[in-house]
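So the structure is just underneath, and the comments pick up after that.
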C-alpha cells in the first residue's frame, strides 16, 4: 500500500490485488521502468537513519557512595544528641547567609550534614540514595560524590549570596538535588540517550527537571528551601556538563578512593573550622 501511494503521488496508473499467496502491485508494461525508478527513489529517501550512541561506561554499583553518604548524614545526629566535644553542632554548622558572606565558607558544607527532624533526614536519605546510586554508577562512587559535595556546597554559597543575612538553612537536600542535576546532565552530555528526535535526546534533563519540580518545591511545613534546591540542582547540572570533558577512566580505582577520601576530608575540615570558630 505504501508503494501504491508513491505511484499515485506521481500519477502512474496502477492497481493492487492479491494473487492468492501475496499482494501485488500492477502497472502498465510501458510504465514499468518509470514505476521502478520512483519506488527505488522513495526507498532510498526513506532509509532508516541509524543513531550511533557511545557505549555506556559504568564504574561500580553505586552503593559504596550511597553508604558513605548515609553514614555521614546519620552520624551527625548522633554526635549532636551526645553533645560530643561540647559543641552546639546545629549552631556551629547551619548555613547562615550573613556568616557565610563574612567568610565562614565551611557552613556551606557543614549545613549539608545537619537535619531538622527524623522526617527530614529520612526524605533526604531516600532521595539521596536513589539519585546518588546513578551518580556512583556513571561517575564512580568516589569522584561522583566529590562532585555532589562540591555542587551542594556551591549551591549553598550562591543561596547565601542571594538570601538576606538572617536566612539560615540545614539539610542535605541541596546536595541531593545537585546529584540529580549532575547525573542527568552527565548522561545527556555523554549522549547515552541520543536520538533523532531532540525531545528524546533531552529526556534525561527533562526527567530531572520534572523530578525537581515534583519533589523540590513544596512541603507541608512551609519551610522548604526551594531556592537552595534550585541552586544545588543548577550547580549539579553545571558540573555534569563539564565532567564528560575529563576521561574518568584515567582515575582508576585508586583515583576513585582518593576522590572519596577528599570528600570525607573536606567535610572533616569544614567541621574542624566550625568547631574552632
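No lab work stands behind these numbers, since they all come straight from the coordinates. Owing to the predicted nature of the structure, the values given are computational and were not obtained by experimental measurement. In this analysis, Cβ positions are derived from the backbone assuming ideal geometry, glycine residues included, and neighbour counts consider all displayed protein chains.
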Q | Projected-area mean, the stretch 2-45, by convex hull of Cα positions, square nanometres | A | 3.2
Q) Cα atoms only, the stretch 203-261: Rg and Dmax in Å? A) 15.8, 46
Q: Calculate the all-directions average of the projected area of the stretch 85-142's alpha-carbon convex hull, and give it in nm².
A: 5.6
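Taking N as the number of residues in the stretch 1-116, what is its Cα Rg relative to 2.2 N^0.38 Å? Don't skip to the end; give the middle numbers.
Values: Rg = 36.2 Å, N = 116, 2.2 N^0.38 = 13.4 Å.
Cα Rg divided by the expected 2.2 N^0.38 Å: 2.70.
Which order results if 80, 45 are arranged by neighbouring Cβ count within 10 Å, fewest first?
Values: 80 17, 45 7.
In increasing order of surrounding Cβ atoms, one gets 45, 80.
Please give the peptides 19-31, 254-266, 171-183 ranked by average Cβ packing (other Cβ atoms within 10 Å per residue), highest first, as a rough proxy for protection. List each step's numbers first, then the result.
Details: 19-31: 10.1, 254-266: 16.8, 171-183: 30.9.
Final packing ranking: 171-183, 254-266, 19-31.
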Q) With no solvent and one point on each alpha carbon, what is the Debye value of log10 I(q)/I(0) for the stretch 63-276 at q = 0.13, 0.18 Å⁻¹? A) -0.69, -1.28
Q: Measure nothing but the geometry: give the 0 to 90° angle between the long axis through the Cα atoms of 141-162 and the longest principal axis through the Cα atoms of the chain, rounded to 10°.
A: 70
Q: Please find the FRET efficiency linking residue 31 to residue 246, where r is the Cβ-Cβ separation and R0 is fixed at 51 Å, and quote it to the nearest 0.05.
A: 0.25
Q.
As I understand it, the value is the acute angle between the Cα axis of helix 203-215 and the longest principal axis of the Cα atoms of the chain; what does it come to in degrees, rounded to 10?
A. 40
**Q.** P(r) of the stretch 42-185 over all Cα-Cα pairs, binned every 5 Å from zero, in whole percent
**A.** 2, 10, 17, 18, 16, 13, 7, 4, 3, 3, 2, 2, 2, 1, 0, 0
Q. To the nearest 500 deg cm²/dmol, what mean residue ellipticity at 222 nm is calculated for the chain from DSSP H runs of n ≥ 4 alone, each contributing -39,500 (n - 2.57), summed and divided by the residues?
A. -20500 deg cm²/dmol
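With 10 angstrom as the radius, rank 253, 267, 50, 170 by how many other C-beta atoms surround their C-beta, starting from the fewest.
On the way: 253 11, 267 19, 50 7, 170 23.
So the ranking, lowest neighbour count to highest, is 50, 253, 267, 170.
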Q) Of the peptides 161-169, 237-245, how do they stack up when ordered by the mean number of other Cβ atoms within 10 Å, highest first? A) 237-245, 161-169
Q: Using only Cα atoms, tell me the angle between helix 226-242 and the longest principal axis of the chain; keep it within 0 to 90° and round to the nearest 10.
A: 60
Q.
I need the fraction of alpha carbon pairs in the stretch 163-256 separated by more than 23 Å, rounded to a whole percent.
A. 36
Q | Cα centroid separation - the stretch 244-277 against the stretch 133-195, whole Å | A | 15
Q. By how many nm would the segment from residue 130 to residue 18 lengthen if fully extended, with 0.36 nm per residue of separation less the alpha-carbon distance?
A. 34.7 nm
Q. What is the fewest-to-most order of 113, 108 by other Cβ atoms lying within 10 Å of their Cβ?
A. 108, 113
